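First up is the structure itself, then whatever we jot down about it.
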Amino acid sequence: MKKHVVVIGAGFSGLSAACELASNGFQVTVLEKNSSAGGRAAVFHDQGYTFDMGPSWYWMPDVFDWFFERYGSSVAEQYDLQRLDPGYRVFFGKDDIRDIPASLDDLYALFEAEEPGSARHLKKFLDDAAYKYKVGMQDLVFKPCHSVMEFADKRLLSSLFRMQLFTSLEREVRSKFKSEKLRRLLEFPVYFLGALPSNTPALYSILNYADLVLGTWYPMGGMGKIVEGMQRVAENMGVQFRFNSPATGFDLGDDRVKAVLTADGPVVCDGVIASADYQFVEQQLLPADKRNYSAAYWNKKVMAPSCLIYYLGVDGTIDGLKHHNLFFDESFDDFAEAIYTNPKWPENPLFYTCIPTKTDASVAPDGKENLFILIPVAPGLEDTDEIRSRYFEKAMDKLEKHTGQQIRHRVEVQHSFAYRDFVDRYHSFRGNAYGLANTLMQTAVFKPKMRNKHLNNLLYAGQLTVPGPGVPPSLVSGNVAAGEMQKMLFAEQKIEQIAV
Ligand SMILES: Cc1cc2nc3c(=O)[nH]c(=O)nc-3n(C[C@H](O)[C@H](O)[C@H](O)COP(=O)(O)OP(=O)(O)OC[C@H]3O[C@@H](n4cnc5c(N)ncnc54)[C@H](O)[C@@H]3O)c2cc1C
């Protein structure tokens, strides 16, 4: 008899866990509360437009290759992946624009033009980041991080020093670059994804390596194509998906889960990987004596930002914008204060727009633009229709100013998504978009643990546990959790056999 594992949640981590378990001979059932797979990377269609609801930056293509090849497929078999060049456009002010090229030589030239001598520093910075990326991918991210002893190996310990865990990214960047523009270019990934650069270990320059060296890519048809590919691979290996089927609780024995409860009845299983938001599973689905962490623990956590998003269908084209566009024309300090130090709606938000129609005409009707606008904001802020309308006008003012074109009167499809949708749609703790901030005390062994310490067959996966937020880390998280589940269930099987 095959052992049966239930995976709660069909986001990237759940899909990854399901594939790994199925490829190792487990019977797998995925329970998903929403009507389709993808989790935060869901897709919706309206009037001929295809909107990706969450991720839009395809970084670290090697991780997607690893994933599909592991199950006998390939990225090329699943979708048509294109490298973007330029990777993205940055607006530092009206007519003060930089395009980030795919070619490293062109990137060095761009830095040099901004600050003479900086190309040499950039090369060193990226060489160091390449080392961190290599060690990180080979030796660190696939660790379950149950204990610091996993890192007690001479070779690893000596490399940890070069990983710059105890130097801040801000210090690293500011010691090398004087230009405020270059500093913003190198600090933005951590600002947008997690924490102040002053609180983020320089380890996270791996994000700069992913951005500037490995490049920005796009799956034609949209990010939803990755999800479709993963679901196809999973189904080919026999994974059963149950959509519109939220887990509502557990049937528990003393030290294990016997079944996952749903509105259609219990799903009996040998093990569970909970890839829905960790805090929700612990606080809402488990009794207090079976939780790893208290409400007070979660309330002390530093969360990565939430965001306010607009999905817009625009009649006609919008000139002057690329596929990805970052607007860095407001104060980073005010932005950081509104998100991290004194959470409130920012007066003058920094924001980001994605127009996939610049690369892919299939995601909008002919002659129209698909426009995604994302404003990072602090998690847990009040979210009303009035606030959403106000920020829509701010975003439009800025876009119209920078492009010199009227846009708002051409908007024919308009949707928004913010705090209350994150909570409602994903059971997201404080409406977080990308999980926990990447501070040192929330990295690796300091993250919420994968294993439930009271229940021998319950593991957590996803962006709130190791290795962290983002699509590639979520793929890794599901894979690592599945590996741990196999070890647990095989160990039990051996004990049963010995007993017989
Ligand atoms: C707006 C936005 C933009 C982003 N941009 C990028 C980007 O450009 N690049 C990048 O790499 N990353 C990006 N990210 C981060 C990335 O999308 C996430 O880190 C990743 O998708 C998280 O995957 P997950 O499996 O951990 O969680 P989720 O995707 O949240 O999946 C968890 C699933 O569990 C389900 N669920 C919840 N409760 C239950 C229940 N009781 N029963 C059953 N199912 C349940 C949810 O519906 C969901 O489908 C972005 C995220 C957001 C929100």
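The values are calculated or read from the model by the stated rules, or taken from the named source; none is laboratory data. Note that the structure is a prediction, hence the values are computed from the model and not measured. No Cβ is skipped: glycine too gets one built from the backbone with ideal geometry, and neighbour counts run over all protein chains shown.
Determine, yes or no, whether Asp65 is surrounded by 14 or more Cβ atoms within 10 Å (Cβ to Cβ) and assigned by TED's automatic domain parsing to the domain that holds Ser23.
yes
For the stretch 44-58, state whether one or more residues are farther than 28 Å from Asp421 by Cβ and of a type in the set (A, V, I, L, M, F, W, C). There is no residue in the stretch 44-58 that is farther than 28 Å from Asp421 by Cβ and of a type in the set (A, V, I, L, M, F, W, C).
Looking only at the stretch 39-73, residues that are small (Gly, Ala, Ser) and more than 7 Å from the ligand (Cβ to nearest atom) come to 4 in all.
Residues satisfying the criterion are absent from the stretch 408-415 (criterion: of a type outside the set (D, E, K, R), under 22 Å from Tyr58 (Cα atoms) and at pLDDT 95 or above). Here Asp319, Asp289, Asp334 are screened, and the one residue that is touching a residue at least 60 places away in the same chain (Cβ under 8 Å), surrounded by fewer than 16 Cβ atoms within 10 Å (Cβ to Cβ) and assigned to a helix (DSSP H, G or I) is Asp289. Looking at the stretch 235-257, is at least one residue assigned to a helix (DSSP H, G or I), outside the structural domain of Leu182 (by TED's automatic domain parsing) and not small (Gly, Ala, Ser)? Scanning the stretch 235-257 turns up at least one residue that is assigned to a helix (DSSP H, G or I), outside the structural domain of Leu182 (by TED's automatic domain parsing) and not small (Gly, Ala, Ser). Restrict the check to the stretch 461-471 and report whether at least one residue is free of Cβ contacts under 8 Å to residues at least 60 places away in the same chain and in contact with a strand residue (DSSP E or B) (Cβ under 9 Å, 6 or more places away or on another chain). Yes, that holds for at least one residue. The single condition from (1) out of contact with any Leu (no Cβ under 7 Å at 6 or more places or on another chain); (2) small (Gly, Ala, Ser); (3) in the same structural domain as Tyr434 (by TED's automatic domain parsing) that Ser168 fails is (3).
Scanning the stretch 213-229 turns up no residue that is under 14 Å from Ala10 (Cβ atoms), within 24 Å of the chain's Cα centre (by Cα) and of a type in the set (S, T, N, Q). Scanning the stretch 110-132 for residues that are of a type in the set (Phe, Trp, Tyr) and more than 15 Å from Tyr209 (Cα to Cα) returns a single hit, Phe111. Which count do you get for residues in the stretch 419-452 that are within 12 Å of the ligand (Cβ to nearest atom), hydroxyl-bearing (Ser, Thr, Tyr) and part of a loop (DSSP other than H, G, I, E, B)? Total satisfying the criteria: 2. Of Gly470, Gly404, all but one fail to be on the phi > 0 side of the Ramachandran plot and under 15 Å from the mean Cα position of the chain (by Cα); the exception is Gly470.
Here's the yes/no breakdown for (1) modelled with pLDDT of 90 or more; (2) not in a loop (DSSP other than H, G, I, E, B):
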{"site": "Met137", "(1), (2)": "yes, yes"}
{"site": "Phe142", "(1), (2)": "yes, no"}
{"site": "Cys145", "(1), (2)": "yes, no"}
{"site": "Met149", "(1), (2)": "no, yes"}
{"site": "Leu156", "(1), (2)": "no, yes"}
{"site": "Phe161", "(1), (2)": "no, yes"}
{"site": "Leu165", "(1), (2)": "no, no"}
{"site": "Arg174", "(1), (2)": "yes, yes"}
{"site": "Lys178", "(1), (2)": "yes, no"}
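The number of residues in the stretch 72-90 being more than 22 Å from Leu399 (Cα to Cα) and not acidic (Asp, Glu) comes to 10.
Checking each residue in the stretch 1-38 for being surrounded by fewer than 24 Cβ atoms within 10 Å (Cβ to Cβ) and within 9 Å of the ligand (Cβ to nearest atom) picks out Lys33, Asn34, Ser36.
Residues are listed down the side, and each one gets a yes or a no for (1) surrounded by fewer than 19 Cβ atoms within 10 Å (Cβ to Cβ); (2) charged (D, E, K, R):
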{"position": "Thr216", "(1), (2)": "no, no"}
{"position": "Pro219", "(1), (2)": "no, no"}
{"position": "Met223", "(1), (2)": "no, no"}
{"position": "Glu235", "(1), (2)": "yes, yes"}
{"position": "Phe241", "(1), (2)": "no, no"}
{"position": "Gly249", "(1), (2)": "yes, no"}
{"position": "Cys269", "(1), (2)": "no, no"}
{"position": "Ser275", "(1), (2)": "no, no"}
{"position": "Glu282", "(1), (2)": "no, yes"}
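Please state which one of Ala119, Ala129 is without any contact (Cβ under 8 Å) to a residue 60 or more places away in the chain and not assigned by TED's automatic domain parsing to the domain that holds Asn348.
Criteria check complete, one pass: Ala119.
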